[in-house]
Structure formats: C-alpha cells, structure tokens
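*Asks:* Have a look at the structure that comes next, please.
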Amino acid sequence: MELQMVDLRGQYLSIKDEIDLAIASVIDKSAFVKGPFVAEFENQIAAYLGVNHVIGVGNGTDALQIALMALGLGPGDEIIAPSFTFVATTEAAALLGAVPVFADIDPSTFNLDPNCIEPLITERTKAIVPVHLFGQPSDMDSIMAIGRKYQLAVVEDNAQSVGSKYKKRYAGTIGTMGTLSFFPSKNLGCYGDGGAVLTNDSDLAERIRLIANHGANKKYHNEVVGVNSRLDGLQAAILLVKLNHLRDFNSARITAADRYDHAFEDCRFVTIPVRATDRDHVFHQYTIRIAHEFPGARDALSAFLREKRIPHAIYYPVPVHLLPVNTEGIHPYRAGDMRHTLSAAEQVLSLPMHTELAPEQITFITGHVTRFLESYESVPA
Ligand SMILES: Cc1ncc(COP(=O)(O)O)c(C=O)c1O
C-alpha cells in the first residue's frame, strides 16, 4: 500500500484550481515581497485567530528570534522552555546570548509541566516559552499565572498547533506573543518557508515589524539592529487559500486520529495520545507511546515498520538539552529534573498524519503495529 507520512501532493490536488489561480495572481501583479497578499493574509489570519496583530516573517525559527529580540533578550538573560521539542524553540535564545533553561514535561500531554517552571526561575529569567506540541495547547492558565507572578513574558511556540483552542482562545494568542511556522508539513503550511508573530500588544507589534525589517520603519532610517525576515507574496497567497480550508483540514486530522484511537483500543502495548478536556488537539502529529514494560520495543517496532515501508518518525529521539549544541559547551544552558522528557524520547513514535489519510490506510498501519507488538511480547529483544 502506498503510504506517506505527509501527503502534500494529495492535498494540493484537492484545492489545485484555487492554488493555481492564487499563484498566477501574485505573478501577474509581481507582488513578490510584502504587498497586498501579505497584508491581506495578515489581516485574515488575525481575524480568524482573534488576535490584534499578525506580522508575517520568513519562518517559524525567525518568528521566535524576532519575538525574543522584541523583548530585548540579551546575553545572560534566561528563558524557560521544554526540551522535548524541535531545536528551534531555544536556538534563538542561544543566538542572542541568552541561556536556555530546560524544564520537564507533563508525561500525558508531552507539554511543558507548569509545576517544573517555578523552581527554575532566577532573577535573570525573562520569558517562558511553552511549546504547543503535536497539535495540543499547553496548560496556559497555569503558565500565564506564573508569568504574572514573576513578571515574565510568555512566548508561545505555536509552530505545531495552529487552529487549536485552549478553552475559548486560539493557541498562540494567549501569551505576550505567539509564533507560527508555515513549513509545508504544518497544519497550515505554505509551499516553502513562512512564519508569523502574533500579539495583542500594539507597541510590541510595532517593534516586531521594525526588527523584521532591518530595524527600520522608514527606508534608510534604521533605528535598531534587526534582521531581514519576510513572508513572501506567493506564500501569503497560498496561505490565504489554505486558511479558508484550515477548519476542514484540522477536522480531517482529528477524524484520522479518532480512527487510530479506535483501532488501538484493544492493544495494551500502545498508549494513544491523551486529549486534555479543556482544549482541542488538532493532531499535527499522531504520536503513540509504546508501553514501558518492554524496553527496546519502540526501536524494534520502528525497524519493523521501516522494513514494511510504513512511514513513521520519532519526534524527538534526543531531547534538546542533550543535543551536542548544548552538551559540547558551545553555549551555556541549564536543565531541571528531566525524567519525563527522557522517557518520552525513548517511547514515542509518530504515525502518518495528514489531511488525505484514508480509513483503509489507517487499518493497514495499525494492523501492522498491533501485530508486531503482540508478538514482541513473547520474543523480547
Ligand atoms: C516546535 C517548533 N518550533 C519551531 C519550529 C521552526 O519552524 P520553521 O521550520 O518554520 O523555522 C518548528 C518547525 O519544525 C517546530 O516544530
């Protein structure tokens, strides 16, 4: 059976006419950099998410860097973030000379555990950077309460959960700022690189625009050190089309996740993703845990799936605090007790998840996973 981790072509074919027209309009107007498509997309996604300001930038990594620059983060400052994430979450802080301080996760949701934040706060802490991992928002009430108590900014890394709500508000719009990635495989993905910073604070919005534009609001009047980071017109036009489908795209992912959950119901070796009751899970990834009493089972399953050509991935095999960029003394970092992060890295496995996943594909995938794990029990490594 033909399977893909992410079926970008299938999704394109389902909206081909709209996308082709959008791309042709940008070329027709030569509106490649900034211009009407970018402005229109910023306005439409701001209205969709219910946030005052959206500033399009080059990618999700730049969005984090620019957000931290807008806070004035500099050498010696600290940010508190999870380690069970993509390296970009704390890369920006390190680039600015700040110290990433890693906190453990809640083992059920894989998101930053608010109980692990307070013990890591020092007088140098400037911001908390929760990551809404795999499609599910973090416990924002608790994180915002800590932010208020210690007067810390909260920057939500929302690269993976666009369109999900925490209680009544969209992820990424609750903290001081939020960031988005429009990398092609994301829930709202463009056809190249793209990202955005979200905020309700007008002064911060102005500063973000300034920094993203070489530190200038007026040509040849550069006020601060900035960067060149912009969402381009072609990506904005594609995103305008896809934003109209975001609700349906996320529903398709949730339907696929429901089918996976159902298929794994009787498999005691698989822990299905936990969905917290007060927030949506929009399933950027469908990530299972392989039960703990069988050490080595996750890696054996991965080898078996590879042999069967069933796409899958391990997000994340090495927690960020253990990556060479941190451990080899290139820049300072700190980490708390990371026991849940370490066990997640050993147990997780993500299965194909995208908008085009058919029920029979899920039956095929889950059948192989289940059968392998049932037999693995009697033949331990
Ligand atoms: C959690 C997280 N943060 C940040 C990023 C960076 O986004 P981009 O690839 O657009 O720079 C990603 C992208 O993979 C991500 O998953």
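Quick note: the coordinates plus some simple rules give every number you see, no bench work behind them. These numbers come from a predicted model, not from an experiment. Backbone-built Cβ (ideal geometry, glycine too); neighbour counts: all protein chains shown.
Residues are listed down the side, and each one gets a yes or a no for (1) away from the ligand (no atom under 15 Å from the Cβ); (2) of a type in the set (D, E, K, R); (3) within 22 Å of Ala127 (Cβ to Cβ); (4) in contact with a helix residue (DSSP H, G or I) (Cβ under 7 Å, 6 or more places away or on another chain):
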site	(1), (2), (3), (4)
Tyr191	no, no, no, yes
Arg207	yes, yes, yes, yes
Tyr220	yes, no, no, no
Ala257	yes, no, no, no
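*Asks:* If the requirement is being within 24 Å of the chain's Cα centre (by Cα) and closer than 22 Å to Asp139 by Cβ, which of these qualifies: Val348, Val325? Lay out the reasoning, then the answer.
*Replies:* Values: Val325 fails: closer than 22 Å to Asp139 by Cβ.
It is Val348.
*Asks:* Restricting attention to region 337-369, report how many residues are within 16 Å of Pro107 (Cα to Cα) and surrounded by fewer than 19 Cβ atoms within 10 Å (Cβ to Cβ).
*Replies:* Final tally of qualifying residues: 6.
*Asks:* Right, another one. Restricting attention to region 2-20, does a residue exist that is touching a residue at least 12 places away in the same chain (Cβ under 8 Å) and assigned to a strand (DSSP E or B)? Spell out how you get there, then give the answer.
*Replies:* Within region 2-20, the first condition is being touching a residue at least 12 places away in the same chain (Cβ under 8 Å), and the residues that meet it are 3-8, 10-11, 14-15, 18-19.
From what is left, the residues that are assigned to a strand (DSSP E or B) are none.
No.
*Asks:* Within region 146-161, count every residue that is in a helix (DSSP H, G or I) and touching a residue at least 12 places away in the same chain (Cβ under 8 Å). Lay out the reasoning, then the answer.
*Replies:* Taking region 146-161 first, the residues in a helix (DSSP H, G or I) are 146-150.
Now drop any that are not touching a residue at least 12 places away in the same chain (Cβ under 8 Å), which leaves 146-147, 150.
Result for region 146-161: 3.
*Asks:* Against the definition (surrounded by fewer than 24 Cβ atoms within 10 Å (Cβ to Cβ) and within 30 Å of Ser350 (Cβ to Cβ)), how does Ser202 come out, yes or no?
*Replies:* On the way: surrounded by fewer than 24 Cβ atoms within 10 Å (Cβ to Cβ): yes; within 30 Å of Ser350 (Cβ to Cβ): no.
For Ser202, the condition - surrounded by fewer than 24 Cβ atoms within 10 Å (Cβ to Cβ) and within 30 Å of Ser350 (Cβ to Cβ) - is not met.
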